[in-house]
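First up is the structure itself, then whatever we jot down about it.
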Amino acid sequence: MPESATPVTFPPAFLWGAATSAYQIEGAVREDGRTPSIWDTFSHTPGRTAGGETGDIAVDHYHHYREDVALMAELGLSAYRFSISWSRVQPTGRGPAVQRGLDFYRRLVDELLAHGIRPAITLYHWDLPQELEDAGGWPERDVAFRFAEYARIVGEALGDRVEQWITLNEPWCSAFLGYGSGVHAPGRTDAAASLRAAHHLNLAHGLGASALRSVMPARNSVAVSLNSSVVRTVSQDPADLAAGRKIDDLANGVFHGPVLHGAYPETLLAATASVTDWSQVRDGDLAIINQPLDALGLNYYTPALVSAADEARASGPRADGHGASPYSPWPGADDVAFHHMPGERTEMGWSIDPSGLHDLLMRYSREAPGLPLYVTENGAAYDDKPDPDGRVHDPERIAYLHGHLSAVRRALDDGAEVRGYYLWSLLDNFEWAYGYEKRFGAVYVDYATLARTPKSSAHWYGRAARTGTLPPATA
Ligand code: PNW
């Protein structure tokens with residue numbers, strides 16, 4: 001059936017957004033009182049990022065934000081998700097706010113509102129103030145309380161004008177790539193510490209959500225964005241199903257267990273007993289973490305395919321898409337193998353499977369009935385290059401977006417309360433350990449001149465946003 005036969009149309013109130021994060025786009029790392037975060041330290045440490053690249057300049061959004069907001073407005077986007085650099089607001093991670101740092105975000109929010117674009121703020125997108133890491137980082141309980149203080153400061157400053165709040169972005173990456181496999185900042189490789197970090201991130205979410213609510217109008221929405229994985233198994237063999245259960249607990253249950261249900265899964269506690277005694281969980285913590293949420297953010301790129309460990313693991317390269325560390329980001333799961341899926345992949349090596357996004361949305365409709373869901377990130381990296389005429393054609397990204405937005409539409413049809421979609425990312429940017437080589441943007445950035453050029457996918461997505469209907473993937 002030709003795809004044009006059935007127009008894929010979304011509800012009028014559906015939010016069509018794009019997402020970014022502070023360290024990946026802002027640059028201006030030493031301006032207006034900002035101090036280093038763990039990502040400044042990490043990216044300036046030889047051997048940690050591709051080509052030694054850093055976010056020192058990134059796409060200089062700090063100075064180009066007006067142009068970037070104008071671009072979003074021209075495209076017709078209705079929402080923009082960005083994150084706040086903690087060390088711009090609290091350079092030591094503690095104490096009073098630096099107003100010059102907050103002023104940047106006040107200007108940005110004003111600019112968005114003036115263009116009719118709804119801001120969504122992520123408080124923490126991985127850039128912990130270095131001083132807090134020096135005091136032990138996320139494996140230390142105190143950091144959760146520091147986060148609550150920071151949340152209160154930002155909530156007080158912007159809560160009157162920003163309705164959508166996200167405490168943490170992908171705490172899985174912070175805990176397990178940051179402290180387990182070490183491919184993300186701060187680059188530590190300590191399985192027990194990674195599980196302490198996970199709990200303290202959960203606690204930070206709970207304390208931060210309370211702090212936000214105590215200073216903001218009740219109409220505002222507080223959420224967390226999880227990179228929940230869709231975990232598939234190579235067979236229905238009991239050993240493979242057990243492997244799938246383990247990875248599902250370590251990817252998803254470790255966060256949604258306490259956040260949505262007030263408890264860590266028993267199977268997670270059992271599977272990680274040789275790594276940690278879970279004494280990091282103190283009386284009362286689970287009640288703090290298990291706050292009623294106003295919405296849940298889900299970031300989706302690709303599913304995981306696992307089996308019980310076999311020769312595939314011994315001989316093959318890592319297939320979990322999490323970089324080239326000899327240390328695993330999956331504590332207690334040495335008996336699990338990750339497999340590549342057949343079919344097409346993006347430039348990240350991540351398989352393209354829109355059905356995973358549908359399944360993820362349906363799964364969380366069951367985990368949290370009635371809770372509004374947002375796709376807070378979805379997108380693809382491709383090796384985009386301008387044509388001689390200066391235009392950038394990225395039909396693969398259009399196909400990716402068409403496939404995944406169609407999957408969102410199917411989830412809506414199946415009863416999921418999906419309220420919006422944020423494309424990752426608005427702009428090409430600093431892709432963490434991969435540096436600038438992986439381009440996720442709908443807008444191309446020439447890193448030599450910082451000139452911005454909307455790719456054909458940006459025009460395609462803008463048309464979808466303006467009309468509420470997906471243009472054909474071939475547009
Ligand atoms: C997410 N993994 O990161 C982040 O929220 C973004 O900042 C990032 O640019 C985007 O996805 C694309 O990578 C991830 O190893 C980083 O599975 C790594 C993984 C997943 C997500």
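The values are calculated or read from the model by the stated rules, or taken from the named source; none is laboratory data. Note that the structure is predicted; figures quoted are calculated from it, not measured. Counting neighbours? That spans all protein chains shown, and the Cβs are built from the backbone with ideal geometry, glycine included. Ligands, DNA and RNA are stripped out before the accessible areas are found, and what is left, the full protein with its side chains, is counted by its heavy atoms. Shrake-Rupley method; radii C 1.70, N 1.55, O 1.52, S 1.80 Å.
Membrane-span-like helices in the chain (whole DSSP H runs, Cα extent of at least 30 Å along the helix axis, mean Kyte-Doolittle hydropathy of at least -1.0): 191-215. Computed from label points 7 Å out along Cα-Cβ, the spacing between Asp103 and Arg345 is 4.8 nm. Derived scalar couplings between HN and Hα for the range 282-294 equal 9, 3, x, 4, 5, 5, 5, 6, 7, 6, x, 9, 8 Hz in order, rounded to whole Hz, by the Karplus curve 6.51 cos²θ - 1.76 cosθ + 1.60 (θ = phi - 60°), x for Gly and Pro. Looking at the range 15-467, the DSSP beta bridges with both ends there are about 20 percent antiparallel. Scoring 364-374, 426-436, 14-24 by mean Cβ neighbours within 10 Å over their residues and listing the highest first yields 14-24, 426-436, 364-374. Evaluated on the range 351-444, the Kirkwood hydrodynamic radius is 14.5 Å, with distances taken between all distinct Cα atoms.
Gain on full extension, evaluated as 0.36 nm per residue between Arg161 and Thr474 minus their Cα-Cα distance, stands at 108.8 nm.
I want the local charge near Ala465. Using Cβ-Cβ distances under 13 Å, sum +1 for each Lys or Arg and -1 for each Asp or Glu among the other residues. Local net charge: +2. For Thr45, put the label point 7 Å out on the Cα→Cβ axis and report which residues of the range 197-213 keep their amide N under 18 Å from it. Zone members listed by number: 197-198. The Glu31 and Ala218 beta-carbon pair, evaluated with R₀ = 41 Å, returns a calculated FRET efficiency of approximately 0.70. Around Gly33, what is the net charge, scoring Lys/Arg as +1 and Asp/Glu as -1 over all other residues with Cβ under 12 Å from its Cβ? After counting each charged neighbour, the total is +1.
Highest mean first, the peptides 277-284, 202-209 sorted by other C-beta atoms within 10 Å per residue fall in the order 202-209, 277-284. The Kirkwood hydrodynamic radius of the chain, based on inverse pair distances between different Cα atoms, is 22.3 Å. Each label point was placed 7 Å from the Cα along the Cα-to-Cβ direction; for Asp387 and Ala451 their separation is 1.6 nm. Here the translational diffusion coefficient of the range 1-123 follows from Stokes-Einstein with Rh set to the Kirkwood radius across Cα pairs; for 20 °C and 1.002 mPa s it amounts to 132 µm²/s. Placing a pseudo-label 7 Å from each Cα along the Cα-to-Cβ vector at Ala270 and Glu437 gives an inter-label distance of 4.2 nm. Counting only protein heavy atoms and a 1.4 Å probe, the range 15-467 has 35 square angstrom of accessible area per residue.
Here's how it looks for Ser221: its modeled amide H is under 5 Å from those of Gln164, Trp165, which are all 5 or more places away or on a different chain. The accessible surface of the range 289-444, taken with every protein chain in place and a 1.4 Å probe, is 51 percent carbon and sulfur.
Taking the average, over residues, of other Cβ atoms within 10 Å as the packing measure, peptides 260-273, 65-78, 161-174 rank 161-174, 65-78, 260-273 from highest down. Under the rule of at least 5 residues apart or a separate chain, name every residue whose amide H is placed under 5 Å from the amide H of Ala120. Those lying under 5 Å, H to H, from Ala120 are Tyr80, Arg81, Phe82.
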